[in-house]
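Reviewing the structure listed below.
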Amino acid sequence: MTSETITAEAAGTWKLGDLTVNRIGFGAMRLTGSAAFHHGTPSDRRRSIAVLRRAIELGVNHIDTAAFYFSALRSANELINTALAPYANDLVIATKVGPFRDYAGEWGTSARPDQLRSHVEENLRQLGRDHLDMVYLRRMRQDSIAEHFGALAELRDAGLIRHLGVSDVETRHLAEARAIAPVVAVQNQYGLDSPDPRADAVLRTCGEQGIAFVPFFAIAGQGGALGPSGPQEAEVLAIAKAHGATPAQVRLAWTLQQGPHVLAIPGTGNPDHLTENVAAGALRLTPDEIARLDALHAQSE
């Protein structure tokens, strides 16, 4: 693949409510440095800003972020604001609330429903906006999300949020949320070697209901922030070689080919990796290759 000439438009588009996005987007978590938003080495600020601007040049118009994406010296939202404001009219910035971190970066308990407004307002302040395009409620092990999602629905009615989504949910949580307000996207961990069969059920349900499915760790799978590993790599490498592609591109292409409603938000602080990730939207795997990868996916569960 000649990655340099491929833009995000090659992946096709999907509508998040009334907002059209290219199916290859960008996840901002890794912009803050090594170990993602944990206690790692802070990123190079100028490089992170350059990556964001290059993403826009490559046609990315969907960025995923959160106020709790920060490291010792870097905030993903602040980097986005600095790099991209004033924002293009077609740029969709999605954020999420639910998890809580204090100023020292330590994780606390899940935010209470009555605290979600302040979390939304913190995202607004950091991003320099008067409303948020898209907000996910990240479930934090609650059996029911009704009270939390209802609080976000009220903020949507107040004009602070345009569209709502849910994250880290099962199909029953999605149904619970949809009974309260429209859900335009679900964000769950999902990848080639994802070990959770519940994610497959959510993916299928989203397709049936016209809801975007937005996997995180689509490249890394169960490796999470540590990256992909395991017996799948030999098969992935063979398919990558046949296409002149990278294993990461094959993983992203397989994910996107799970359905037209599937989006991708690969994150990186490396400009070369950014170009490769965007180019994955043009990679078309053969039916045989998809079947081989599907078999690996099934074996991992």
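Read-outs: derived from the displayed coordinates by stated rules, not from any lab. Keep in mind it's a predicted model, so treat the numbers as computed, not measured. When we count neighbours, we look across all protein chains shown, and the Cβ atoms used for this are built from the backbone with ideal geometry, even at glycine.
When the Cα positions of H62, L237, I219 are compared along the charge dipole of the chain, H62 comes out farthest toward the positive end, with charges on each C-beta of Lys, Arg, Asp and Glu. Structural descriptor for the chain: relative contact order 21 percent, calculated from alpha carbon pairs under 8 angstrom and at least 6 residues apart.
Across the alpha-carbon set of the chain, the Rg to Rh ratio works out to 0.94, Rh being the Kirkwood radius.
Note on M134, M29, M140: ascending count of other Cβ atoms within 10 Å places them as M140, M29, M134, the fewest first.
Considering only I24, L252, T95, the residue lying farthest towards the positive end of the dipole of the chain is T95, judged by Cα position with unit charges set on Cβ. For the chain, the longest principal axis of the alpha carbon atoms and the long axis of helix 116-127 meet at an angle near 70°. Sequence-ordered 3J(HN,Hα) estimates for the stretch 134-148 from the Karplus curve with 6.51, -1.76 and 1.60 and θ = phi - 60° stand at 8, 10, 8, 8, 8, 5, 10, 6, 5, 6, 10, 10, 4, 5, 5 Hz, glycine and proline given as x. Report, to the nearest 10°, how far helix 287-300 tilts away from the longest principal axis of the Cα atoms in the chain, using its own Cα long axis and a range of 0 to 90°. So the inclination is approximately 60 degrees.
Proximity of backbone amide H atoms, modeled 1.01 Å from N, is registered between R101 and G108 at under 5 Å, excluding neighbours fewer than 5 places apart on the same chain. Peptides 51-58, 291-298 ordered by packing proxy, namely the average of other Cβ atoms within 10 Å per residue, highest first: 51-58, 291-298. Note on the stretch 21-300: antiparallel DSSP beta bridges, both residues inside, total approximately 10 percent of the bridges counted. Angle of helix 45-57 to the longest C-alpha principal axis of the chain, folded into 0 to 90 degrees and rounded to 10: 70°.
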